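I have placed the structure first, in the form of structure tokens, so that the comments after it can refer back to it.
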Amino acid sequence: MTTPHPTTEHDSPFEGFRTGTQAVTLPADLFSALLPLIEGEAELRVTLYAFYAIGRRRGRLRAVRASELASETALLRSIEGCGGTEAIEPALAATVARGALLDCVLDDGDTLYFVNNEGGRRQRERVQSGTLPLSDGRRAAQVTIVERSKPSLVYEQEIGMLTPAVAAELSEAEARYPEIWVVDALQLAATNNARSWRYAEAILRRWEAEGREDEAARGDARTTDPYGHVYRRE
């Protein structure tokens, strides 16, 4: 995690919470289950702020647009030391991949973010179907839900942030190899503490060149990494 930027002459200590300030309810799982998984400072700050922004919503639609988050002065100030405005989009992608938020891409180019709970999942479905207005008096336009492939999700869970360059290579791999091969290669890279796409790609090339044992026929789940080390798939 990035070291907090030092206090400057423009900073002042927090004076404490004011009486009557609006409270925002946060799920206990955010602290007990999600927080220990977050490694990036920008992801942590954006995740917390998105929960705050959604929690302060009034009305039927409990979601926040990416464009709204990008214009929030408090959020922009909080991430100055860990990437600034450009860090918001990848941080949101990371928190969606981690399962904290749900994204819903709109045909006006913006994206809605919901908390990934029962209510958020139900609202996203209603926005997608057009039964929940995006704003007062207006019906939802056609909405496209962007579904990530399993290899993409596994990459972000096991390896790290999915950059555009890696996403393109991963897409090519998905077209070239069986999906289970790509998933297994990524998981093997993580198991061997070699968390990179290049390592996983080398595994796939080895399997393609030398063949892969038929686990179903052999009755086990053993396979090998690029260097011939045998491991067992769970």
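Structure values in brief
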| quantity | calculated |
| --- | --- |
| Candidate set: segment 54-90, residues that are under 21 Å from the mean Cα position of the chain (by Cα) and polar (S, T, N, Q); chosen: the one nearest to Ala23 (Cα to Cα) | Ser78 |
| Neighbours by Cβ (under 7 Å, 6+ apart or cross-chain): first from segment 53-68, under 19 Å from Arg126 (Cα atoms); second surrounded by fewer than 16 Cβ atoms within 10 Å (Cβ to Cβ) and of a type in the set (Gly, Ala, Ser) | Arg62/Gly119 |
| Segment 78-127, residues that are closer than 26 Å to Gly59 by Cα, surrounded by 16 or more Cβ atoms within 10 Å (Cβ to Cβ) and among the polar types (S, T, N, Q) | Thr95, Thr111, Asn116, Gln123 |
| Test: residue in segment 100-114 that is at pLDDT below 85, in contact with a strand residue (DSSP E or B) (Cβ under 9 Å, 6 or more places away or on another chain) and β-branched (Val, Ile, Thr) | no |
| Residue that is surrounded by the fewest Cβ atoms within 10 Å (Cβ to Cβ) [pool: residues in segment 154-189 that are in contact with a Leu (Cβ under 8 Å, 6 or more places away or on another chain) and of a type in the set (Val, Ile, Thr)] | Ile159 |
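The values are calculated or read from the model by the stated rules, or taken from the named source; none is laboratory data. Note that this is a predicted model, so its numbers are computed, not measured. When we count neighbours, we look across all protein chains shown, and the Cβ atoms used for this are built from the backbone with ideal geometry, even at glycine.
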